[in-house]
Amino acid sequence: MNFFEQQDQARRTTSRLVFFFILAVIGIMTALYFLFVAIFHASAETSETGKQIIEDPSLWDPNVFFGVLIGTVAVVGIASLAKIAQLSSGGAAVAEMMGGRKIDPGTTDLQERILLNVVEEMSIASGVPVPVVYVIEEDGINAFAAGYSQDDAAVAVTRGCLNLLNRDELQGVIAHEFSHVFNGDMRLNIRLIGILAGILVIGLTGGWLLRMAFYSSHSYSRKKENNGLALAGIGLALMAIGYIGVFFGNLIKAAVSRQREFLADASAVQYTRQPDGIANALRKIGGSVYGSEVNTRAASECSHMFFANALKARSFSGLLATHPPLEERIRRVDPGWNGEYPVIEQSAVQPAMATAGAAGLTGAESAPAPPVYGLEDSYTLAPGTESVQAAVAGLSTDSTIKVDADAVVSQVGTPTQQHLDYGRQILASVSADLTEAAHVPMTAVAVVYGLLLDTEEEPVRTVQLQALKNQSNPAVYKALLTLKADILDLNPRARLPLLEICVPALRQLADTQAQRLFENVEVLIRADQKISMFEYSLHKILKRRMEAKLSKASKSTIRFKSHKALIPEYNVLLSALAYVGHDDANQADAAFLAGAMTLMNKIGKVLGRLPKEECTFAAIDKAIDKLALASPKIKQLIIDAAAHTALADGTVTIEEAELLRAIADTLNCPIPPFLPAGA
Amino acid sequence: MVPLLITLGVVLVIVVIFISIYNKLVMLRERFKNAFAQIDVQLRRRYDLIPNLVETVKGYMAHEKETLVGVTEARNQALAAAKAASANPGEPGAMLALGSAESLLSKALGGLNVVMEQYPDLKANESMASLQEEMKTTENKIAFARQAFNDSVTSFNIGRSKFPNIIVAGSFGFKEASLLEIDFEEGERNAPKVSF
């Protein structure tokens, strides 16, 4: 099952959930209706003291029916919506609700640094924005991912994770959480919590009525005792109905969650290609005295979001367990397991972590001789402009990347060990000063400006720097001057990844600072009177990332389920991609056809290449934004066609890769980076 | 039945509005709290640098003990103030205390800078130069982060005092947050006053 089918399935699961929810609410309403009819009948009898015999024994009472209908829908609806609204304000809100502390991107704490590095590598390897990372001060080994979309995702791990797991195990856990991000599980989780909160309110109302009845029977005269008794009866009945609803709700939640956990474990193995990481992490949970417990109050509500069971084991945990048994999970990942858990001593593990971490900090060395993807030609470069030019030219013609177009779709959302190694190498190729700068808001702004400096033409660069000197914050400008040489020296492949690393720090800018950033970015882009593919992609990606911060989570609504309205956009997209990578008109035509054919076969409509003049950035931009509203199935076809066009000649130039990244990013389909040839 | 429905509908609308206002206020508050964390990181970086600075300077200037003690004391006070402030960002008392402690520290460091001018050997020292550069960039980062913090505090305060938000703010204890004012320039501006 590929990324698109997973997304589709997550949506189907969601609609099934909604169905169950409606069923549950109908069940509750029916129960309440009978309860109230019974009460009214009873009260009618007592008030007339037996004179009035029940004239109308029918159970149909429209007043009661509509009262119950509206009351239930209002109460359950409000509670559900309120909870969902609270949670969908972003992954950060959920992480904070759970008592998480945000790790500063520029942290100097070794354990936290390692965690951030692992997360960043995974982000680069998979093409997903770097999530905000939280740590929860708990001794159990656990983690979770939260958020409404990839753009506002947050990943949280417990202190136990940092203390007890080594780098590989941590990577396994993070890969598991990233799988939840890819597969649309986070949104599913938030809806589950919301629905349960709604049903729970009925039970809580009952409890509240019962308490009222209890107090009123104590403080008021005996005349009211009957009233109090009736109130208590209603309360008790409401509680029973509510909690039975919650019980079944939990049953649904647990059933869905267990399936998604197996999937995430399997995905983690797929991404890291080493079952040991996640298997050892699970084994350590079994061996640790704290297990995977998380004791914050909110944990029970969100228990299904965690990496492993966050709650203390209960007697009837089989049906209600949100996670499959530890043993079963380990055996699925590692069939040859002997059934023994390691003995964990809290103090003994830390040094091991420290040494593994120290190696991890220095980058690629910690991996056992990972294959090298043609990155080091950039290491030997002298910082002169000419040699950088040569390197850029060399990379974009000779050492372009060879990829199989058919493989691209299956790669979306499924990075592999090679991608992880590549991500690690990309990170390692960035100088320590730049990496540090990318993690602090002020210098991260300087890095973004630096990325936009023209690498080839000195006069353009002078104009750009002059503009910045006048318009940007002096401290930022000064930071830029010290970073300039490093940035110009950067491997072209590391440029967009470096932008991604900057994003968490950039999101901490105040609105006024962010506004200034965008103004200056536009000035820098316009400095040479033309827009390059890199400039376009940077602007597009940056804007998307920052919008997720400024407005609320981007709602990914599906507006287009058929191809009819999208034909012009297909034409723009494929034509643009064809021109980007192929200068020769014949080649461009062939490239366009390669992509168009795959689409035309599927949709039965004719596509035509547009003249080059019509493929402006404005047109591309509009097309991508519209295509972002298509259903996952259509997106799969788009990515497939785009890949076939870009790869018609069997290679991806840097420019093609940048445009593809901007497309995939806007479409919310994380494509892992294209690995250079010779892998 | 109809009046009941209308009342219910009105209550529903009000509840939904209240929830959305509450969520917005929480978001704004989280934003400035996060912004303070940024300042805090850089402040601590600065506090960590100061003992190194004092240690390096000590060897050169035996006669300026008071200046050095003054710097160390100001640093310790500022550290304590920062700790208190990070527990409660935006709280007026804590912000005022941190602001004045930081201003005092800047003043003390400014004084130290003036004294150091008289020691050419010290100025030539390489590790000293890199330390000073580090201090300078850290101060720049603090200023930048402080701007972000003050901006987000301002937008929280505006969001909080609008109607009907102020009702929600009042009933759920969203107190007005306070800006952080640090007078970084003071040390430098005072510098020329030192007698010759």
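What the table shows:
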item: Single unsatisfied condition, A:I624 versus (1) open to solvent by 30 Å² or more (accessible area, probe 1.4 Å); (2) assigned to a helix (DSSP H, G or I); result: (1)
item: Scope the stretch A:468-495; condition aliphatic (A, V, I, L, M) and open to solvent by 20 Å² or more (accessible area, probe 1.4 Å); matching residues; result: A:L481, A:A485, A:L488
item: Test result for A:Y215, outside the structural domain of A:T416 (by TED's automatic domain parsing), among the aromatic types (F, W, Y), open to solvent by 10 Å² or more (accessible area, probe 1.4 Å) and part of a loop (DSSP other than H, G, I, E, B); result: no
item: Selection within the stretch B:156-178 - out of contact with any helix residue (DSSP H, G or I) (no Cβ under 6 Å at 6 or more places or on another chain), within 14 Å of chain A (Cβ to nearest Cβ) and modelled with pLDDT under 90; result: B:F172
item: Test: A:V289 is surrounded by 22 or more Cβ atoms within 10 Å (Cβ to Cβ) and part of a loop (DSSP other than H, G, I, E, B); result: no
item: Selection within the stretch A:506-529 - touching a residue at least 24 places away in the same chain (Cβ under 8 Å) and over 12 Å from A:L542 (Cα atoms); result: A:Q508, A:L509, A:D511, A:Q513, A:R516, A:E519, A:N520, A:V523, A:L524, A:I525, A:A527, A:D528
item: Members of the stretch B:142-153 found to be facing another protein chain (nearest Cβ under 9 Å), out of contact with any Asp or Glu (no Cβ under 7 Å at 6 or more places or on another chain) and open to solvent by 30 Å² or more (accessible area, probe 1.4 Å), listed by number; result: B:A143, B:Q147
item: Matching residues, the stretch A:580-593, being surrounded by fewer than 21 Cβ atoms within 10 Å (Cβ to Cβ) and either touching a Lys or Arg at 6+ places or on another chain (Cβ under 8 Å) or assigned to a helix (DSSP H, G or I) (or both); result: A:A585, A:N586, A:Q587, A:D589, A:A590, A:L593
item: Wholly enclosed helices (runs of 4 or more DSSP H) of the stretch A:453-535 bearing at least 3 residues more than 17 Å from A:A662 (Cβ to Cβ) and within 14 Å of chain B (Cβ to nearest Cβ); result: A:474-488, A:495-506, A:511-526
item: Per-region count, the stretch A:89-133, residues within 13 Å of another protein chain (Cβ to nearest Cβ), crowded, with 24+ Cβ neighbours inside 10 Å and not hydrophobic (A, V, I, L, M, F, W, C); result: 4
item: Residue among B:E133, B:E139, B:E181 that is within 14 Å of another protein chain (Cβ to nearest Cβ) and open to solvent by 70 Å² or more (accessible area, probe 1.4 Å); result: B:E133
item: Test for A:V75: is it more than 8 Å from chain B (Cβ to nearest Cβ), of a type in the set (A, V, I, L, M) and in contact with a strand residue (DSSP E or B) (Cβ under 8 Å, 6 or more places away or on another chain); result: no
item: Residue in the stretch B:5-23 that is nearest to B:P89 (Cα to Cα), counting only those that are more than 9 Å from every other protein chain (Cβ to nearest Cβ) and in contact (Cβ under 8 Å) with a residue 24 or more places away in the chain; result: B:I21
item: Meets criteria (farther than 20 Å from A:S257 by Cβ, open to solvent by less than 10 Å² (accessible area, probe 1.4 Å), in a helix (DSSP H, G or I) and at pLDDT below 90) for A:G160; result: yes
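To keep it simple, each residue is scored yes or no on (1) polar (S, T, N, Q); (2) part of a helix (DSSP H, G or I); (3) more than 13 Å from the chain's Cα centre (by Cα).
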{"residue": "B:P51", "(1), (2), (3)": "no, yes, yes"}
{"residue": "B:Y60", "(1), (2), (3)": "no, no, yes"}
{"residue": "B:V71", "(1), (2), (3)": "no, yes, yes"}
{"residue": "B:A74", "(1), (2), (3)": "no, yes, yes"}
{"residue": "B:G90", "(1), (2), (3)": "no, no, no"}
{"residue": "B:L96", "(1), (2), (3)": "no, yes, no"}
{"residue": "B:G99", "(1), (2), (3)": "no, yes, no"}
{"residue": "B:E102", "(1), (2), (3)": "no, yes, no"}
{"residue": "B:N113", "(1), (2), (3)": "yes, yes, yes"}
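The values are calculated or read from the model by the stated rules, or taken from the named source; none is laboratory data. Everything numeric here is computed off the predicted structure, so don't read it as measured data. A quick note on method: Cβ atoms are made from the backbone with ideal geometry, for glycine too, and the neighbour counts reach across all protein chains shown. For the accessible areas, the whole protein counts, side chains as well, though only heavy atoms, and no ligand, DNA or RNA atoms are used. Shrake-Rupley method; radii C 1.70, N 1.55, O 1.52, S 1.80 Å.
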